[in-house]
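The values are calculated or read from the model by the stated rules, or taken from the named source; none is laboratory data. Here the structure is a predicted model, which is why all the values come from computation and not from measurement. Note that each Cβ is placed from the backbone with ideal geometry, even for glycine, and that neighbours are counted across all protein chains shown. Surface areas here come from the heavy atoms of the whole protein model, side chains and all, with no ligands, DNA or RNA. Shrake-Rupley method; radii C 1.70, N 1.55, O 1.52, S 1.80 Å.
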Amino acid sequence: MNLFKDIPVLVTGGAGFIGSNLIERLLSEGALVSCLDNFATGHRYNIESFMQHPEFRLIEGDIRDAATCNIACLNQTYVFHQAALGSVPRSINDPATTNAVNIGGSLNMLVAARDAGVKRFIYAASSSTYGDSESLPKLEDNIGRPLSPYAITKYVNELYADVFARTYGTESIGLRYFNVFGRRQDPNGAYAAVIPKWMNSFIKHEPILINGDGEYSRDFTYIDNVIQANLLAALTASDVAVNQVYNVAYGDRTTLNQLAHWIREILATYDADIAKVEIQHGPYRKGDIPHSLASIAKAQQLLGYQPEFDLKKGLTEACKWYWSGLKLK
């Protein structure tokens, strides 16, 4: 449809899981895409297929460097700010670096976008912002106290975006992601997300580990739903929709026990022996909230968001991708 035909856009963290999927979609929509990444957590193989694309440009650099951010934002219409140090456990182990990247780096990007006259700044917020709030479903205006350094950094991003809108007239939209999964998500490393990590283990016939009794629940969200939300956030012409924060999720919750059984069941259609792989339980993880479920009513009403992939449909697509062995390294 070429929704972004010849429109210059910048994707920070473009070599990461969400960023690379966003770039792929933007290129298919005719955008002129610049990718800013320092490859701290992203991977070159995620953007290999774009490197020869005539409308793709890689800027290798760090958002903690203000000069790099200024260069990257020049002549851009939209900035999709996905760069961050994710993971609650990582932030607990190293709060200083998480703070420097997620707060200092994001502030650099906001300043650079403001100074370059960027039309709109769409940034990755997080469901971790809800903290110790026990109310379900999660509503954008009802948050609790943060439970990790990572959660603090993502909330500060929202506060900065709001202040920039009020002070400088900057247009921004924050998208609070809820447990995103799908193709290109790294299954390896100490801070790997649960779905790719478990898929990797099941495929290798290795037991998987559930933190706690497995009855914690999450609103797992397939990558294509997230891409849809980002495009809608950029293209909405509604003044009411801008300078807001939105939940990006499917709007349903699943326990970790159910998730593990579904993944095993789907992968067993490729290899019957996977059905015998053991599911084990370990201690609870620090900083984890017991339950998460998003209300997506605000995004539906103001952005026109309509998630197409429920968990089972998304898992089926993700299992197919991981089983193919494209990036299981």
At what distance in angstrom do the alpha carbon centres of the range 193-235 and the range 236-283 lie from each other?
5
Sorted by accessible surface (1.4 Å probe, heavy atoms of the protein chains only), largest first, 321, 262, 198 come out as 262, 321, 198
In a GNM of the chain with a 10 Å cut-off on Cα contacts, which of 16, 214, 42 has the highest mean-square fluctuation?
214
Apply the Karplus curve 6.51 cos²θ - 1.76 cosθ + 1.60, θ = phi - 60°, to the phi angles in the range 219-226 and return the couplings in whole Hz, x for Gly and Pro.
9, 6, 10, 6, 3, 5, 5, 5
Once all protein chains are kept in place, residue 147 shows an accessible area at probe 1.4 Å, nearest 10 Å², of 80
Suppose R0 equals 30 Å; then what is the FRET efficiency for residue 141 and residue 286 from their Cβ-Cβ distance, rounded to the nearest 0.05?
0.65
Within 11 Å, Cβ to Cβ, of residue 72, how many net charges do the neighbouring residues add up to if Lys/Arg are +1 and Asp/Glu are -1?
-3
GNM on the chain, C-alpha springs below 10 Å: top fluctuator among 179, 188, 157?
188
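Under a Cβ-Cβ cut-off of 12 Å, what is the net charge of the residues other than residue 108 that fall near it, where Lys and Arg count +1 and Asp and Glu count -1?
That sum, taken over residues with Cβ under 12 Å, equals -1.
In whole percent, and with a 1.4 Å probe on the protein chains, what portion of the accessible area of the chain is carbon and sulfur? Write out the running numbers ahead of the final one.
Details: 7010 of 14000 Å².
Within the chain, the accessible surface is 50 percent carbon and sulfur.
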Label selected from [x] 90, 41, 33; [y] 57, 45, 38; [z] 82, 48, 38, the criterion being Cα extents along the principal axes in Å as computed here
[y]
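Net charge within 15 Å of residue 40 by Cβ-Cβ distance, Lys/Arg positive one each and Asp/Glu negative one each, not counting residue 40 itself? Let's see the in-between values first.
Values: positive: 44, 64, 90; negative: 37, 60, 62, 65, 94, 186.
It works out to a net charge of -3.
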Using a Förster distance of 25 Å, how high is the FRET efficiency between residue 133 and residue 313, based on the Cβ-Cβ distance and rounded to 0.05?
0.30
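May I ask you to derive the relative contact order of the range 151-264, considering only C-alpha pairs under 8 Å and at least 6 residues apart, and to give it as an integer percent?
Values: 129 pairs, mean separation 41.4, N = 114.
With pairs under 8 Å counted, the relative contact order is 36 percent.
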The range 141-173 residues near the modelled residue 100 label - backbone nitrogen below 18 Å, point 7 Å along Cα→Cβ:
149-150, 153-154
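Which entries of 276/313; 138/197; 5/138; 119/286; 154/204 have Cα-Cα distances beyond 32 Å here? Mind showing how you got there, number by number?
Values: 276/313 23 Å; 138/197 26 Å; 5/138 36 Å; 119/286 39 Å; 154/204 35 Å.
Beyond 32 Å: 5/138; 119/286; 154/204.
Counting other Cβ atoms within 10 Å of each Cβ, which trypsin sites (Lys or Arg not before Pro) in the range 118-177 have at most 15 and sit in a DSSP loop? Spell out each step's value before the answer.
Values: sites: 119, 120, 138, 154, 166, 176; in loops: 119.
Sites meeting the loop and neighbour criteria: 119.
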Roughly speaking, what is the stretch gain from residue 70 to residue 167, that is 0.36 nm per residue apart minus the C-alpha to C-alpha distance, in nm to one decimal?
33.0 nm
Principal-axis tilt of helix 311-323 within the chain, Cα atoms, nearest 10 degrees
80
Set of aspartates and glutamates with alpha-carbon distance to residue 298 below 14 Å, sequence-local pairs under 8 removed
140, 141
Gain on full stretching of the segment that runs from residue 275 to residue 39 - 0.36 nm per residue minus C-alpha separation
81.4 nm
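Order 183, 218, 25 by their accessible area, 1.4 angstrom probe, all chains in place, largest first. Don't skip to the answer; put the middle values down first.
Numbers: 183 50, 218 30, 25 90 Å².
Result of the area sort, largest leading: 25, 183, 218.
For the chain, what does -39500 (n - 2.57) per DSSP helix run (n ≥ 4), summed and divided by total residues, give at 222 nm, in deg cm²/dmol to the nearest 500? Numbers along the way, then the final one.
Details: 11 runs with 117 residues, N = 329.
Using -39500 (n - 2.57) per qualifying helix, the result is -10500 deg cm²/dmol.
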Probe of 1.4 angstrom, ligands and nucleic acids ignored: what's the accessible area per residue over the range 201-329, in square angstrom?
46
